[in-house]
1. With the requirement that a residue be in contact with a helix residue (DSSP H, G or I) (Cβ under 8 Å, 6 or more places away or on another chain), surrounded by fewer than 24 Cβ atoms within 10 Å (Cβ to Cβ) and in a loop (DSSP other than H, G, I, E, B), what does region 315-358 give you?
2. Identify all residues within region 140-168 that are more than 30 Å from residue 332 (Cα to Cα) and either out of contact with any strand residue (DSSP E or B) (no Cβ under 9 Å at 6 or more places or on another chain) or without any contact (Cβ under 8 Å) to a residue 60 or more places away in the chain (or both); write none if there are none.
3. Looking only at residues in region 115-155 that are within 16 Å of the ligand (Cβ to nearest atom) and surrounded by fewer than 23 Cβ atoms within 10 Å (Cβ to Cβ), which one is nearest to residue 340 (Cα to Cα)?
4. Give the residue, chosen from 150, 190, that is touching a helix residue (DSSP H, G or I) at 6+ places or on another chain (Cβ under 6 Å) and modelled with pLDDT under 95.
5. Answer yes or no as to whether residue 161 is at pLDDT 95 or above, assigned to a helix (DSSP H, G or I), within 14 Å of the ligand (Cβ to nearest atom) and out of contact with any helix residue (DSSP H, G or I) (no Cβ under 8 Å at 6 or more places or on another chain).
6. Scanning region 302-314 for residues that are away from the ligand (no atom under 16 Å from the Cβ) and within 14 Å of residue 162 (Cβ to Cβ), which turns out surrounded by the most Cβ atoms within 10 Å (Cβ to Cβ)?
7. Among the residues in region 197-220, are any more than 23 Å from the chain's Cα centre (by Cα) and without any contact (Cβ under 8 Å) to a residue 12 or more places away in the chain?
8. Among the residues that make up region 344-354, is at least one of them more than 29 Å from residue 82 (Cβ to Cβ) and within 16 Å of the ligand (Cβ to nearest atom)?
Ligand SMILES: N[C@@H](CC=O)C(=O)O
């Protein structure tokens, strides 16, 4: 593509921000033209701002090293240099809400990795393969914000990508009850083992706010559009346990599920194999070719072996078997900082571009 869309990364020095920088290096449609962060990083080159805290396994891309980091609160200045922004900031919820709305009101589309707007009725929360139709509420949101081009789209919490896609592919059989336990990597908390020595040789059975998100966000993803708002679904009933485990990346889930109409094992495997979403239809650059991959081996998927499937954008499943209390149980896995965070947000931006929601300013 000759003229790439200009992308800004607000919160570009944090762990998710760094992932955006890494993923957008040589992206076929987008080019990073602005990076914004807190006032303490503003004025430094990106290379200086992340010196001693660059956490990616690849070097800082040449193209961004000399970008001068802007102050994220100077919304008009940052917005002037971009066609749209990714936002991944570490601030209070109300401050994030106000910041994202301020960017949207400048006419700038905002693809948010934050949780602040996930329950704002006219803000779609998108997994592109599942609920791209929720983008319809953007028209109502633009009206509320008084802009014809700006808007906010949110990405859901990372953990739900490890079990919602597999359940979604089985919607025809109407899942009624779900028990999910997630085993979540330390990068989900933005940390490495060096920064969190307590996690070495340890399991912590609590992640603040995570169980509520794991139980509720899937219902919004499966919700319907009504009068310019998303109305959440009322089934299946979901209960969750969320546990922090000593792995670097990758959230694994164990799932128990019952259905209104119990499928055969073969029907489930076929539904997973055949499932294709809008990104696959459109051939989006970051879309996995195969959305859900089933592993036949009893000891797969494994976090370390399988999290990078399809560039970290593929969803895995394994160990599907009948259960004594529920209809079936299985294991799921997704990469939390790729599919579950920056990669998922880049895929949303590609969908928005392909559907005409993001254009050159
Ligand atoms: N809230 C999640 C973030 C996703 O990686 C977590 O704490 O793991």
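The values are calculated or read from the model by the stated rules, or taken from the named source; none is laboratory data. In this text, all values refer to a predicted model and were calculated from it rather than measured experimentally. Please note: Cβ atoms are built from the backbone with ideal geometry, for glycine as well, and neighbour counts cover all protein chains shown.
1. Result: 355, 357.
2. Of region 140-168, the ones more than 30 Å from residue 332 (Cα to Cα) are 140-151.
Within region 140-168, 142, 143, 144, 145, 146, 147, 148, 150 qualify.
3. 115
4. One residue alone meets the criteria, 190.
5. Here the answer is no, as residue 161 does not meet what is asked.
6. Once the filter is applied, the top-ranked residue is 314.
7. Within region 197-220, one or more residues are more than 23 Å from the chain's Cα centre (by Cα) and without any contact (Cβ under 8 Å) to a residue 12 or more places away in the chain.
8. Checking region 344-354: not a single residue is more than 29 Å from residue 82 (Cβ to Cβ) and within 16 Å of the ligand (Cβ to nearest atom).
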